[in-house]
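Here's the structure, in structure tokens; my notes come after.
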Amino acid sequence: MEATLKNYDLSKLKVVTIASHSSLQILRGAKRLGLGTVAVAKPGSGWFYRRFTFIDKVIEVDLGSMEQLAGDLVKDNSILIPHGSYVEYVGWRRALNMPIPTFGNRYIIEWEADQRKKMKLLEYAGIPIPKSFNDPTQVDRPVIVKLSGAKGGRGYFIAKDANELVSKLSSINVGDDYIIQEYVIGVPAYYHYFGSKVYGRVELFGMDLRYESNVDGRSFNLAEPTFVVVGNIPVVLRESLLPIVQKYGEGFSRAVAELVPPGMIGPYSLESIIRDDLSIIVFEFSGRIVAGTNVYMGIGSPYSVLYFDKPMDMGERIAHEIVNSVKRGKLIDILT
Ligand code: AMP
């Protein structure tokens, strides 16, 4: 990495990302802070991204061979910003080895890909998580079954007790890589954090709700609940909950610093259910930007003003970190 960066012209840095997920926000933010912008699109999907003047270049390529672009992108002083669709399209193994300087800690992707490792990391961080069950007959409460590799909640199912679980497990093809987790009763809330090397702090940058089909629809028990994410909704919490949310964010950052060096850099997220006793149970994390941050594109979340005294969206926040790391001669600290 050091050798690669030595050849970089830091006055001509380009931000590159896959055209999907949160790319509009990422590229718009980069352009506003004076960085070059490149979208890498799947064949046939580039036309949409060419509609936007803040994107300097749209490259259409089969993402199965994205590595072939790496040489040119590196020559062009590029920094890759990973997001959920990038990880989904190229897979975590290829993402770990992608020969392009990548913003944030790419090693966390491996932990994210494994449901068990994921829950261990949260537990290690001292964050309350849902109870897990190994033996379906021991289940004593409603549970959610999560299949490994399920995308955006697709393929999850719930069972209200052990009998229903055993019967569903025998009729649904779940393979052998799944977890049985307590289905926490409450309301969801998803927190957006930013781990800043420049300022040495964890910022609570925003939060959202997911809009999931069909569990958030009007099916009134006519159908089995499913959890396919179709959009996001902005939210703020009662202020008395914010210190807990901040504590979880900082705990997570400390745990990652210990177990997954070089620690949490840039955007990440914790996903929770808040019970009616106001306890917060975290069932998931994302070690990179989440699409829920898109709800604040161009306007910034109400929490972002607390750090910079002006609204900032996550795309702008990433670009701010890059620009200020360069000013301090520390770009290498925010890349892996
Ligand atoms: P995930 O793919 O883990 O983000 O989960 C998809 C959706 O399933 C979430 O947005 C929640 O609506 C729901 N969910 C996942 N885990 C739990 C849980 N332990 N308790 C209640 N709801 C959950």
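A few points about this structure:
- Charge dipole of the chain about the Cα centre (unit charges at C-beta), most positive-ward option of LEU121, ILE172, ASN77: ASN77
- Peptides 217-223, 121-127, 317-323 ranked from most to least packed give 317-323, 121-127, 217-223, packing being the mean of other C-beta atoms within 10 angstrom over each peptide's residues.
- Alpha-carbon spread of the chain, three principal axes, descending order, Å: 63, 44, 38
- Taking Cα centre as origin and charging only the Cβ of basic (Lys, Arg, +1) and acidic (Asp, Glu, -1) residues, the dipole magnitude of segment 145-231 rounds to 260 debye.
- Helix-only mean residue ellipticity at 222 nm for the chain, each DSSP H run of n ≥ 4 adding -39500 (n - 2.57), per residue, nearest 500: -8000 deg cm²/dmol
- Rounded to the nearest 20, the size of the Cβ-charge dipole of the chain about its Cα centre is 960 debye, with Lys and Arg at +1 and Asp and Glu at -1.
- Most to least packed among 226-238, 187-199 [average Cβ atoms within 10 Å]: 187-199, 226-238
- Out-of-range pairs (alpha-carbon distance over 29 Å; input LYS14/LYS247; LYS160/LYS247; LYS31/LYS310; LYS57/LYS327; LYS14/LYS197; LYS75/LYS330): LYS14/LYS247; LYS160/LYS247
- Fraction of beta bridges assigned by DSSP in the chain that are antiparallel (%, nearest 5): 75 percent
- Applying 1/(1 + (r/R0)^6) with r as the Cβ-Cβ distance of SER279 and LYS120 and R0 = 22 angstrom yields a FRET efficiency of 0.60.
Since every read-out is calculated from the coordinates, none of them should be taken as a lab result. The model shown is predicted, which means the values in this text are computed figures rather than measured ones. So basically every Cβ, Gly included, is an ideal-geometry build from the backbone, and we count neighbours across all protein chains shown.
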